[in-house]
Amino acid sequence: MNNGLEGILRFFAELSGPLTALFVAPFALLLLSIAVLPLVAPYFWEKNRNKAIVSIMFGLPVAVFFLFTDKEILARAAIEYGAFIALLGALFVISGGIYIRGSFKGAPLVNTAFLAIGAMLANFIGTTGASMLLIRPLLRANHERHHKVHTIIFFIFIVSNSSGLLTPLGDPPLFLGFIKGIKFAWTFRLFPQFLFVVASLLACYYLIDRYFFSREPKGERDKVMQEEPVLSEHFAIEGRRNFIFLFLVIAVTLISGYFLCHLDGPAILGEPFGSLLSKTTQISCFVILAILSYGLTPRRIHERNSFNFNPIIEVAVIFAGIFAAMVPALLILETRGSKFGIDQPWQFFWMTGALSSFLDNAPTYLTFTSLAKGVLKLAGEGLHGLSVHPVGQKYLEAISCGAVFMGANTYIGNGPNFMVKAIAEHNKIKMPSFFGYMLWSLCVLGPLFMLVTFIFFVGRS
């Protein structure tokens, strides 16, 4: 670690209360803007240009500060953002070239089956890949229904977040753990937590969807429930070559994260996954795959999917500000996390989850795994020692579950959340506000996470 980096970390470790608030203020104000502006100035917030203005307003001062104090930290944030948006963009473009044909009926059982399929797919193609692949056919299945906002919300809960717990491919934090020495199959031990949360959410959704379905106009219910096959149109998948591109995205993620990091010398901030060569190679490959997919996909498929670039542009401009503005918050967490007095699995679960609701869950995961190693006085690089330590395993289980599950608490908790929201709104579905969505998560996920705490993490240290 260079002297400049040591100095800036020491600076954030020694911040006083007022100065801490000053450095966290841009991030807090950006979150507040994302929450409030759609309510008080909806016409202003509709335009991506205005979202970009707000993002720049709060992200630029932080970027300028680090430009003059430590360019290395700014470079890491820029590269992480580039990799993040390149992955989302590639999956968005590739999935937009896949059209699942068939007249799916938006009945409660069919909708629940959609979410269950997404829950399994997420562990192989990631929560982002599964979200982008299934959200459009799910929207088409429910096109005639009046009450469908709850379906999108539970899609975010299940497919975009909770389902990515069983393999390192499911969610970025778990992949970082794999890169840092945790065995690929270690996450299989999280199956009880996965099954409990996903099964509970599916059951809850089915009951809620049955209630809302009963409130649909009788004519619409009859259309869905009439004695017809679930598929009145012949089932087929158009744009199948894009599954090759989807597989290549997964392959690039694994190769760039695992192999190239060992070829690249010192990594930024000592983090192999963040190495310059692996990240820039990853970004370049994602861009090439997206261009190839878009160019080779027949126009009729994009038209049937109502495909355009507005949703990914919206995500890109908002998260540009978030990635810049959240850097001080992450540094404060990294340098002062040991002062939280955390030494119980349930504390790791809630602290990791609470911060993953608003910060990128990947660096939050790394911060708390480092904290767990410090609590147990484990030496050495990587996380293998933590994953085989009797108590460290319990800490790691709690951190993994908190990072993955609680990304569902807000629209910005995980990348696909905001993307799904943007696609739904592009399809004329009026989604809840930032706080409205949090009310859903508080009422549905809050009690569920309390049960997870008492069943899996209390009394396990």
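Derivation of every value follows stated rules applied to the coordinates shown; laboratory data play no part. The structure displayed is predicted, hence computed values, not measured ones. As a convention, Cβ positions derive from the backbone with ideal geometry for all residues, glycine included, and neighbour counts pool all protein chains shown.
List of remarks:
- Flagged links, alpha-carbon separation over 32 Å, of 148/183; 51/279; 394/421: 148/183; 394/421
- Residue (of 94, 206, 27) at the positive-pole extreme of the chain, dipole from beta-carbon charges: 206
- Dipole magnitude of the stretch 3-457 about its Cα centre (Cβ charges: Lys, Arg +1; Asp, Glu -1), debye to nearest 20: 660 debye
- Note on the chain: the alpha carbon radius of gyration divided by the globular reference 2.2 N^0.38 Å gives 0.96.
- Stretch gain in nm, segment residue 250-residue 280, where the contour uses 0.36 nm per residue and the Cα spacing is subtracted: 9.2 nm
- Positive-end residue of 308, 162, 141, charge dipole of the chain with Cβ unit charges: 141
- Helical contribution to [θ] at 222 nm, DSSP H n ≥ 4, -39,500 (n - 2.57), averaged over the chain, rounded to 500: -23000 deg cm²/dmol
- Length-normalised contact order of the stretch 3-457 in % [C-alpha pairs under 8 Å, at least 6 apart]: 25 percent
- Helical segments meeting 20 Å axial Cα length and Kyte-Doolittle 1.0 threshold in the chain (DSSP H): 17-40, 48-69, 71-96, 108-141, 191-214, 242-258, 276-296, 310-325, 434-452
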